[in-house]
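Engineer: What follows is a single structure, and I will ask about it in a moment.
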Amino acid sequence: MAYNQPANARPFNAASDALPHRALEGVRARRIVAFILDVIYLSIITGAIVLVLFILGVPTLGLAWFLIPAVLGLFPLIALIYNGITISGWRRATPGMRHADLEMRLTDGADVPFLNAAVHAVLYYIGVAFLTPLILLVSLVTTNKRCLHDMLSNTIVTRRQQ
């Protein structure tokens, strides 16, 4: 469940304010679940694009099929746009994060602009590809359970505020 915050409460500052315990409760495990769900959603989006190209291959006599490897190669770009748009949107979370009851903000409590969300995604996927155990280990020793890519993109992931 999300933690409650009064409607007139000011945005938090993760760098200086102590967040309520419930705001960070279970964030690490929820982030793992959110990541798995987002990879599934991204695979569905990419698969849908490939399916459309496969179907378009019939009337184009197979010419559209030459685009399928390019679409598969663009998976990282699709992931970057997916993260950038959804995190910088009004819900402040990817669909996987929303399902896991998480949201992302800048450390001063403001909404995350597209550029910060895109940088966060790039750092996250590079970290997942090369430093998977270290990503979670950093969050064990930092305040507010922030990972290295959160610090570099000036963001924090908390339970959704309602």
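The values are calculated or read from the model by the stated rules, or taken from the named source; none is laboratory data. It should be emphasised that the depicted structure is a prediction, and the values quoted were computed from it without experimental measurement. Neighbour counts are summed over all protein chains in view; Cβ atoms, including those assigned to glycine, are modelled from backbone coordinates with ideal geometry.
Engineer: Tell me which of these A110 doesn't satisfy, since it passes every other one: (1) among the aliphatic types (A, V, I, L, M); (2) surrounded by fewer than 17 Cβ atoms within 10 Å (Cβ to Cβ); (3) within 13 Å of the chain's Cα centre (by Cα); (4) under 17 Å from R92 (Cα atoms).
Structural biologist: (3)
Engineer: Looking at the range 140-162 only, could you name the residues that are of a type outside the set (A, V, I, L, M, F, W, C) and either buried (at least 18 other Cβ atoms within 10 Å of the Cβ) or under 22 Å from G84 (Cα atoms) (or both)?
Structural biologist: N144, K145, R146, H149, D150, S153, N154, T155, T158, R159, R160, Q161
Engineer: Looking only at the range 92-109, which residues are closer than 19 Å to T142 by Cβ, in a loop (DSSP other than H, G, I, E, B) and of a type outside the set (V, I, T)?
Structural biologist: Of everything in the range 92-109, those that are closer than 19 Å to T142 by Cβ, in a loop (DSSP other than H, G, I, E, B) and of a type outside the set (V, I, T) turn out to be D108, G109.
Engineer: Exactly one condition in (1) modelled with pLDDT under 90; (2) touching a helix residue (DSSP H, G or I) at 6+ places or on another chain (Cβ under 7 Å); (3) closer than 20 Å to G96 by Cβ is not met by A14; state its number.
Structural biologist: (3)
Engineer: Report yes if some residue within the range 95-107 is among the polar types (S, T, N, Q) and over 11 Å from the mean Cα position of the chain (by Cα); otherwise report no.
Structural biologist: To start, the set of residues in the range 95-107 that are among the polar types (S, T, N, Q) comprises 107.
Still in the list and also over 11 Å from the mean Cα position of the chain (by Cα): 107.
Scanning the range 95-107 turns up at least one residue that is among the polar types (S, T, N, Q) and over 11 Å from the mean Cα position of the chain (by Cα).
Engineer: Hey, V58 hits all of (1) surrounded by fewer than 16 Cβ atoms within 10 Å (Cβ to Cβ); (2) under 14 Å from the mean Cα position of the chain (by Cα) but one; which does it fall short on?
Structural biologist: (2)
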